[in-house]
Amino acid sequence: MTSLEGRTAVVTGGASGIGAACARELAARGAVVTVADLDDVGAKSVADEVGGKAWPIDLSDASALEQLQLETDILVNNAGIQHVSPIAEFPPDRFRFMLTLMVEAPFLLIRGALPHMYDNGFGRIINISSVHGLRASEYKVAYVTAKHALEGLSKVTALEGGPHGVTSNCVNPGYVRTPLVTKQIADQARTHGIPEQEVTEDVLLKESAIKRLLEPEEVAALVGWLASPDAAMVTGASYTMDGGWSAR
Ligand SMILES: NC(=O)c1ccc[n+]([C@@H]2O[C@H](COP(=O)([O-])OP(=O)(O)OC[C@H]3O[C@@H](n4cnc5c(N)ncnc54)[C@H](O)[C@@H]3O)[C@@H](O)[C@H]2O)c1
């Protein structure tokens, strides 16, 4: 593994699932990792495990992030949630909340981190998007809208950051075995009126050439590589890891 010795990293939503796996991966590569999460107990637990720091924070409170100065070399924008509902019944405040957490907060974190990265001539911004940043699915209007917006944010950051040694990329997983997906399987079973196993096989993995869920560690391995010197020329890209879903 390429060393991230001497680097600092912030992982949002680092208390669970993909974020926790990213915190472990970056720490294993030598970075000092700050675990930012609403779940303060979970954040502390992952931070203690990886020898890093916990940053208990509610990233949906965007106004609190406006004056932020974030001294980190690597920023992983990962915190996110899902809400499954047809558009006509989708609560407007839920839509607004998800756009704040999944678009506005990443913008403000990037905005707060770039001055430090520019000063050092080095930075890695890694945005955990989704196959839903590139493709749509019914009943996920806020999620699909937010992830498509994150793709745009990532590309503009890549263009502005390039001359300063800062790269920005998206990672686009299909379904990953995390609490977010376990909850979705239950929600979709209710929405479609079918058993949970049928949701996994016939709904979630319908478009996937490889019929299994991703493991969080597989996503984290890609994040670790994007943070490494080997990926210095990779920017403005969106890396699918979706078992072939988006090949269609
Ligand atoms: N699980 C998947 O299949 C999958 C697929 C593609 C993309 N993603 C994306 O990966 C990211 C992580 O998903 P996951 O599956 O690991 O989810 P998860 O539910 O396991 O973890 C999400 C973390 O975000 C934190 N969080 C939620 N709201 C927050 C807030 N307001 N402020 C701070 N932290 C908050 C939670 O406390 C939790 O620790 C999300 O952006 C998700 O959209 C997940």
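Here are some notes:
- The listed residue being assigned to a loop (DSSP other than H, G, I, E, B) and closer than 20 Å to Ser168 by Cα, out of Leu68, Leu75: Leu68
- Odd one out for Ala113 among (1) under 26 Å from Leu70 (Cβ atoms); (2) open to solvent by 30 Å² or more (accessible area, probe 1.4 Å): (2)
- Checklist (1) in contact with a helix residue (DSSP H, G or I) (Cβ under 8 Å, 6 or more places away or on another chain); (2) without any contact (Cβ under 8 Å) to a residue 60 or more places away in the chain applied to Asp202, failing item: (1)
- Candidate set: the range 120-135, residues that are within 16 Å of the ligand (Cβ to nearest atom) and surrounded by fewer than 24 Cβ atoms within 10 Å (Cβ to Cβ); chosen: the one farthest from the chain's Cα centre (by Cα): Arg135
- Across the range 58-94, the qualifying residues are those that are within 9 Å of the ligand (Cβ to nearest atom) and surrounded by 21 or more Cβ atoms within 10 Å (Cβ to Cβ), and the one among them that is farthest from Pro216 (Cα to Cα) is Leu59.
- The set of residues in the range 1-56 that are open to solvent by 40 Å² or more (accessible area, probe 1.4 Å) and in a loop (DSSP other than H, G, I, E, B) comprises Met1, Thr2, Ser3, Glu5, Gly6, Arg7, Ser16, Leu38, Asp39, Gly51.
- Breaking point among (1) within 8 Å of the ligand (Cβ to nearest atom); (2) in contact with a helix residue (DSSP H, G or I) (Cβ under 7 Å, 6 or more places away or on another chain), for Lys183: (2)
- Evaluating Val41 against the criteria (1) away from the ligand (no atom under 11 Å from the Cβ); (2) more than 30 Å from Val141 (Cα to Cα) leaves one unmet condition, (1).
- Residue in the range 95-106 that is within 11 Å of the ligand (Cβ to nearest atom), farther than 26 Å from Gly152 by Cα and aromatic (Phe, Trp, Tyr) present: no
- Hits in the range 156-167 - residues which are more than 19 Å from Ala79 (Cα to Cα) and either under 16 Å from the mean Cα position of the chain (by Cα) or of a type in the set (Val, Ile, Thr) (or both): Val156, Val166, Thr167
The values are calculated or read from the model by the stated rules, or taken from the named source; none is laboratory data. Model, not experiment: these values are computed from the prediction. Note that we place each Cβ from the backbone using ideal geometry, even for glycine, and neighbour counts take in every protein chain shown. Protein only, heavy atoms only, side chains kept; ligands, DNA and RNA dropped before computing areas. Shrake-Rupley method; radii C 1.70, N 1.55, O 1.52, S 1.80 Å.
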